[in-house]
Amino acid sequence: MTKPSFTPRVFSGIKPSGGLHLGNYLGAIKRFVQMQGGEFETIYCVVDLHAITVWQNPAELRDGTREVAAGFIASGIDPETSILFNQSQVPEHAELAWIFNCVARVGWMNRMTQFKDKAGANAEAVSLGLYAYPALMAADILIYHATHVPVGEDQKQHVELTRDIAAKFNHDFKVDFFPLSEPVIGGPATRVMNLRDGTKKMSKSGESDMERINMTDDADSIAKKFRKAKTDPAPLPDTFEALEGRPEARNLVDIYAALADITPEEVIAQYAGAGWGVFKPALADLAVDKLAPISTEMARLMADKAEIDRILARGAERARDIAAPILRQTYDIVGLLGK
């Protein structure tokens, strides 16, 4: 039997909770922009349904959704070239997620490390949504028959689960309907770390604002945070491998490489032997050059919330043009009447 040919299509999304930071930009949005306008049809989403797996203030959630959309656009996502929308405006995501809840196995969910990390010792008290959200993530991807999913390293397991769900659905119903989506992971700084502790991931929820670069930070704040970033006493080594065991140094080199679009090895070749008094100001200048225009444009966009809402609504219409026929076919395969 001839395998189906799927349109090369990219899907990925970011949660609108707590504000965008440098890790979102380097680990996700920058690659979203790079994949736009080429061989792929690109679909990017503000995944607001994922955000409510934990309590969200409704007003802050609305503002956060607009902020992420503004961040996408300010970073270079063109809403005419790509499809840009917020998840809750496309109900097919939630409908397919229920079907996938009935396909996925409990044992698969129990192996998801992010749930264990987020729930911690309080697993019995967290929402059912937090436990089951990987099935919704699979639906986010497969409702568009997405073939490629740009993600950070920490999300790779979710794409692997998506492939498992697609394969089981296809096997159970004897169809070749859902593609086995490929994770796209590459380049330096796919996992950006905390500026005060290089062993921890940069997070929206860190205790100090100095731990992260917010995408809304102005030029002075960006420069100050990099100049005050934690380092160690030793200068930069002659080889990238020699950064082993130096998490803060490795993190700053990776960030420089990602912002400059060069390899970490090229950064080391340029700065071998340099002290932090040389490297951190250079990194601060580079970061201001790359990031300050984005934060300025985000502020301009956020001043016209009605326009952001219009862009997201139009994107949702375009998304549903793809999602609705796929959901109808899914219902038919499963044996559900009425779609």
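The values are calculated or read from the model by the stated rules, or taken from the named source; none is laboratory data. Source: prediction; values computed, not measured. Don't worry about glycine lacking a Cβ; one is built from the backbone with ideal geometry, like all the others, and counts go over all protein chains shown.
Observations, loosely collected:
- Matching option when the condition is modelled with pLDDT of 95 or more and either surrounded by fewer than 20 Cβ atoms within 10 Å (Cβ to Cβ) or under 17 Å from the mean Cα position of the chain (by Cα) (or both), among Ala166, Ala138: Ala138
- Qualifying residues in segment 318-339 (those that are surrounded by 13 or more Cβ atoms within 10 Å (Cβ to Cβ) and charged (D, E, K, R)) - the one farthest from Tyr144 (Cα to Cα): Lys339
- Qualifying residue in segment 148-163 (condition: free of Cβ contacts under 8 Å to residues at least 12 places away in the same chain and over 30 Å from Lys280 (Cβ atoms)): no
- Residues that are in a loop (DSSP other than H, G, I, E, B), surrounded by 14 or more Cβ atoms within 10 Å (Cβ to Cβ) and not acidic (Asp, Glu), drawn from segment 208-238: Arg212, Ile213, Met215, Thr216, Ala229, Lys230, Thr231, Pro235, Leu236, Pro237
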